[in-house]
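Engineer: Please read through the structure below; I'll follow up with questions.
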Amino acid sequence: MLQIHFIDMLHVLDNYNFILHDDVANVTAVVDPSEEDGVLAALGARGLKLDAILTTHHHWDHTTGVAPLAKMTGCKVVGNAADAARIPSLNKPVHAGSVYHFGEYDWQVIDVSAHTMGHVIYYCAQEHIAFTGDSIFAMGCGRLFEGSAQQLYDSLQAIMALPDATQLYCGHEYTVANAKFALSVEPDNEAVKKRLAWAEAQRAAGQPTLPTTVALEKATNPFVRTHSATIREILQMADASDVAVCAELRKRKDAF
Ligand SMILES: [Zn+2]
């Protein structure tokens, strides 16, 4: 069975790291280590030995732990070959469109360049799980640092093309703030209101609001709801393209 554990790295930038443990093959990976100490403590508490690090993109809050962990454990460091120069200690470059075999599971490497060029997600069709880094968040998406608006739109659509039940493990706990923005641009969306109340209760109880699912994002994430008449009315973009609406939403969220 595939087990996923959260590592609370909220002291970094509200980051989550994830431990991925395949108890049949007895192999363990960590996704996007923000720093090494928290990862080592979480592995130690479960008696696990690190075999691989999966990296989604080069940003420091997802990679600062990579080099120290690789040096200490000799683990594989998996990342996009196309962004090899910016992923520390990369020793297992993978290409977008390829599959990374880890234990009993296959992880499809999918390019979602936008937040950064070369950002990838890892999707396991057997378990309907994806690690999405900073490409999509619950009711939001990553800032557009390197790609174009078209690339942002396309990357989000690529994630929405995964099966509805796919569980998305995002790199940050931004759900409450994202829900407030989502409501500001789609105030009549009852699913967002419900989700905001749920997320606030989860956070008050010290619990994560992730993973999300593709279906939940289709219902509540404004960046993939560019068809919404309410959103288009509020943005005064009734006849604009989906890409233009997505870009305007990103601009407004940056200033929110
Ligand atoms: Zn990032």
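Readers should treat all values here as calculations from the given coordinates under stated rules, not as data from a laboratory. Keep in mind the model is a prediction, meaning the values are calculated, not measured. A quick note on method: Cβ atoms are made from the backbone with ideal geometry, for glycine too, and the neighbour counts reach across all protein chains shown.
Engineer: Looking at (1) closer than 23 Å to Leu2 by Cβ; (2) within 20 Å of the chain's Cα centre (by Cα), which is the one condition that is false for His115?
Structural biologist: (1)
Engineer: On to the next question. Checking Phe256 against (1) surrounded by fewer than 20 Cβ atoms within 10 Å (Cβ to Cβ); (2) part of a helix (DSSP H, G or I); (3) touching a residue at least 60 places away in the same chain (Cβ under 8 Å), only one condition comes out false. Which one?
Structural biologist: If we test Phe256 against (1) surrounded by fewer than 20 Cβ atoms within 10 Å (Cβ to Cβ); (2) part of a helix (DSSP H, G or I); (3) touching a residue at least 60 places away in the same chain (Cβ under 8 Å), just (2) comes out false.
Engineer: Just for the range 83-104: of the residues that are more than 24 Å from Phe223 (Cβ to Cβ), outside any loop (DSSP other than H, G, I, E, B) and under 19 Å from the mean Cα position of the chain (by Cα), which one is nearest to the ligand (Cβ to nearest atom)?
Structural biologist: Arg86
For every residue, the table says whether it meets (1) surrounded by fewer than 16 Cβ atoms within 10 Å (Cβ to Cβ); (2) small (Gly, Ala, Ser); (3) farther than 30 Å from Gly44 by Cβ.
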site: Cys75; (1), (2), (3): no, no, no
site: Ala85; (1), (2), (3): yes, yes, yes
site: Ser89; (1), (2), (3): no, yes, no
site: Val94; (1), (2), (3): no, no, no
site: Trp107; (1), (2), (3): no, no, no
site: Asp111; (1), (2), (3): no, no, yes
site: Glu146; (1), (2), (3): yes, no, yes
site: Ala149; (1), (2), (3): no, yes, yes
site: Ser155; (1), (2), (3): no, yes, yes
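Engineer: Please pick out the residue among Gly206, Gly147, Gly118 that is part of a loop (DSSP other than H, G, I, E, B) and on the phi < 0 side of the Ramachandran plot.
Structural biologist: Every option except Gly147 fails the conditions.
Engineer: Which of the strands (runs of 3 or more DSSP E) contained wholly in the range 1-64 include at least 1 residues that are over 19 Å from Tyr122 (Cα atoms)?
Structural biologist: Output list reads 2-9.
Engineer: Kindly evaluate Trp107 against the criterion of being aromatic (Phe, Trp, Tyr) and either in contact with a His (Cβ under 6 Å, 6 or more places away or on another chain) or in contact (Cβ under 8 Å) with a residue 24 or more places away in the chain (or both).
Structural biologist: yes
Engineer: Another one. Would the range 114-121 turn up any residue that is more than 16 Å from the ligand (Cβ to nearest atom) and either buried (at least 18 other Cβ atoms within 10 Å of the Cβ) or in contact (Cβ under 8 Å) with a residue 12 or more places away in the chain (or both)?
Structural biologist: No, the conditions are met nowhere in the range 114-121.
Engineer: Another question about this same structure. Which of the following residues is of a type outside the set (Asp, Glu), touching a helix residue (DSSP H, G or I) at 6+ places or on another chain (Cβ under 6 Å), closer than 26 Å to Glu233 by Cα and surrounded by fewer than 22 Cβ atoms within 10 Å (Cβ to Cβ): Met160, Met139?
Structural biologist: Met160
Engineer: Which of the residues belonging to the range 129-144 are touching a residue at least 60 places away in the same chain (Cβ under 8 Å), over 8 Å from the mean Cα position of the chain (by Cα), part of a loop (DSSP other than H, G, I, E, B) and within 13 Å of the ligand (Cβ to nearest atom)?
Structural biologist: Within the range 129-144, Arg143, Leu144 meet the criteria.
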